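Q: One structure follows; several queries about it will come next.
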Amino acid sequence: MSTVKKAVVRQGFKTGEFVVYPSHGVGQITAIEEQEVAGFKLELFVVSFSKDKMTLRVPTAKAASVGLRKLADTEIVGKALTTLTGRARIKRTMWSRRAQEYEAKINSGDLVAIAEVVRDLYRSEAQPEQSYSERQLYEAAVDRMTREIAVVDDITETEALKKIEGQLAKSPRRAAKGEAEAAESDLESDNDDLQEEAA
């Protein structure tokens, strides 16, 4: 291969394209650059996360293994939005274990898994207050979803958030919270964490 300036497409990604990096959400590939590290030439995607004022450099050869992916297509967005209208699935396990599971889903970069976190941690006005850590996870999940839907649907983040909230309002959670939890009791039973279960 000659050393002329490389094309702006690598591993199926191109400069200017919005992508999802699992642990940071939606970013934009602003450049593809070369760096020399320990005598080796390394080609990197420069991914900018403008909202977080952060830039990541991801080796192009490792893009797939770190989970860098294209934005969800409209079918996946539709599936994620439909997930929000489902019944919350709350395991009766210790909060710390559930929190780890929620965090893993948020950082998976999988839009449908993130929607599950939003659905499970959603609280309507009529429901008890969330704990600080629940609120943090809920907001992180909503933020990830909002950013991706906004870019995919070419709408503002405010409009994307309204879409999400509209779907959550349709969820059966308010009317049937007790039933939802009864259905989950056969999953894992830990009895250590009854604070959220107390309606």
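Q: Take Ala115 and tell me if it is at pLDDT below 95, in contact with a helix residue (DSSP H, G or I) (Cβ under 9 Å, 6 or more places away or on another chain) and outside any loop (DSSP other than H, G, I, E, B).
A: It is false that Ala115 is at pLDDT below 95, in contact with a helix residue (DSSP H, G or I) (Cβ under 9 Å, 6 or more places away or on another chain) and outside any loop (DSSP other than H, G, I, E, B).
Q: If you don't mind, there's one more thing I want to ask. Give the residue, chosen from Lys5, Lys51, Lys79, that is loosely packed, with under 15 Cβ neighbours inside 10 Å, at pLDDT 95 or above and outside any strand (DSSP E or B).
A: On inspection, the qualifying residue turns out to be Lys79.
Q: Separate question: Does the range 123-145 include one or more residues that are out of contact with any Leu (no Cβ under 7 Å at 6 or more places or on another chain), in a helix (DSSP H, G or I), closer than 18 Å to Thr74 by Cβ and without any contact (Cβ under 8 Å) to a residue 60 or more places away in the chain?
A: Checked against the condition, which is being out of contact with any Leu (no Cβ under 7 Å at 6 or more places or on another chain), in a helix (DSSP H, G or I), closer than 18 Å to Thr74 by Cβ and without any contact (Cβ under 8 Å) to a residue 60 or more places away in the chain, the range 123-145 yields no hits at all.
Q: Hey, another quick one. With respect to the numbered conditions (1) over 30 Å from Ala31 (Cα atoms); (2) buried (at least 20 other Cβ atoms within 10 Å of the Cβ), which one is the sole condition not fulfilled by Ser96?
A: (2)
Q: Name the residues in the range 82-96 that are part of a helix (DSSP H, G or I) and closer than 13 Å to Val112 by Cβ, would you?
A: From the range 82-96, those part of a helix (DSSP H, G or I) are 82-84, 95-96; that's our starting set.
Those that are part of a helix (DSSP H, G or I) and closer than 13 Å to Val112 by Cβ: Thr82, Thr83, Leu84.
Q: When residues of the range 54-76 are filtered for being open to solvent by 50 Å² or more (accessible area, probe 1.4 Å) and over 17 Å from Met145 (Cβ atoms), how many remain? Write out each step before concluding.
A: Here is the first cut: in the range 54-76, the ones open to solvent by 50 Å² or more (accessible area, probe 1.4 Å) are 54-55, 57, 61-62, 64-66, 69-70, 73-76.
Imposing the further condition that a residue be over 17 Å from Met145 (Cβ atoms) reduces the set to 54-55, 57, 61-62, 64-66.
Residues meeting the conditions: 8.
Q: Only one residue in Asp154, Asp143 is open to solvent by 30 Å² or more (accessible area, probe 1.4 Å), at pLDDT 90 or above and touching a Gly at 6+ places or on another chain (Cβ under 8 Å). Which one? Please lay out each step first, then the result.
A: Numbers: Asp154 fails: touching a Gly at 6+ places or on another chain (Cβ under 8 Å).
The match here is Asp143.
Q: Of the residues that sit in the range 99-112 and are part of a loop (DSSP other than H, G, I, E, B), open to solvent by 10 Å² or more (accessible area, probe 1.4 Å) and not acidic (Asp, Glu), which one is nearest to Lys70 (Cα to Cα)?
A: Ser108
Q: Report yes if Glu116 is more than 14 Å from the chain's Cα centre (by Cα) and either acidic (Asp, Glu) or open to solvent by 70 Å² or more (accessible area, probe 1.4 Å) (or both), otherwise no.
A: Spelling it out, it is not the case that Glu116 is more than 14 Å from the chain's Cα centre (by Cα) and either acidic (Asp, Glu) or open to solvent by 70 Å² or more (accessible area, probe 1.4 Å) (or both).
Q: Another question about this same structure. Counting only residues that are closer than 15 Å to Glu103 by Cα and touching a helix residue (DSSP H, G or I) at 6+ places or on another chain (Cβ under 8 Å), which one in the range 123-134 is most open to solvent (accessible area, probe 1.4 Å)?
A: Among residues in the range 123-134 that are closer than 15 Å to Glu103 by Cα and touching a helix residue (DSSP H, G or I) at 6+ places or on another chain (Cβ under 8 Å), the one most open to solvent (accessible area, probe 1.4 Å) is Ser133.
The values are calculated or read from the model by the stated rules, or taken from the named source; none is laboratory data. If you're wondering where the values come from, they're calculated on a predicted model, not measured in any experiment. Positions of Cβ are generated from backbone atoms using ideal geometry, with glycine treated the same way; all protein chains shown enter the neighbour counts. Keep in mind that these areas ignore ligands, DNA and RNA; they rest on the heavy atoms of the full protein, side chains included. Shrake-Rupley method; radii C 1.70, N 1.55, O 1.52, S 1.80 Å.
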